[in-house]
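Structure record follows, encoded as structure tokens.
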């Protein structure tokens, strides 16, 4: 009896270790780019300046996390909370895209709405089509894409004073499809895992849920990185940068 009890305790500890290990790996998602259109079929002059417009996003396209582990929000107005999420991820994406394009050697600025473009300007604009915070608890327990956070964007590049659209592509970022605790835990430890989750509610699990907005911002940063990579490939084809500066984007397989 003592030996069986010891093994049961070991199974519980192993299962809990697996859960927290999965939490650490929860950010191992994938961000991909899907080309839509390339209009420029001739070489254009290298832009003297790149302008990055903050991507438009509606609160209607934001899905806030509503899981059982979620703390009571300080702002009871759901629409205002969604607008705050939309504003934060849009700013994060713009800031990271500006940074990434500056690394390619361009003068890059935040676009000012209503200000006219110069003839040697390149404007990068777009829209956040979907911002879904997902469910960290479902992601951790079930896995295989269940409860995954997701972000989808559509990006356009415009050249010159007349704003000639020369490139369009989409990005998709998610928080991954790892198996969850239910799939990986031994059958004999299924009940203790549930107990373990309840006991951890005030520590690591709840911190992961509270940090879910940060997860959305991480998806925005990942989207910006892949956008900058795809733009670098286009820039090289236009002879605006050297081939050695190109950073390959991860193209969607479907």
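Values as computed for the structure displayed
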quantity	calculated
Least to most buried among 58, 90, 175 (fewest other Cβ within 10 Å first)	58, 90, 175
Length released on extending from residue 39 to residue 99, taking residue separation times 0.36 nm less the Cα-Cα span	19.1 nm
Full-stretch length increase - residue 127, residue 247 - with 0.36 nm per residue and alpha-carbon distance subtracted	40.9 nm
Packing-based exposure ordering (other Cβ within 10 Å, fewest first) of 109, 64	109, 64
Neighbour-count ranking [beta-carbon atoms within 10 angstrom, fewest first] of 62, 108	108, 62
Residue-span extension gain [residue 165 to residue 77] - 0.36 nm each, minus C-alpha spacing	27.8 nm
Cα→Cβ-extended label distance, 7 Å offset, between residue 84 and residue 110, nm	2.0
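Values quoted throughout were computed directly from the atomic coordinates according to the rules given, and no laboratory measurement underlies them. Note that the structure is predicted; figures quoted are calculated from it, not measured. When we count neighbours, we look across all protein chains shown, and the Cβ atoms used for this are built from the backbone with ideal geometry, even at glycine.
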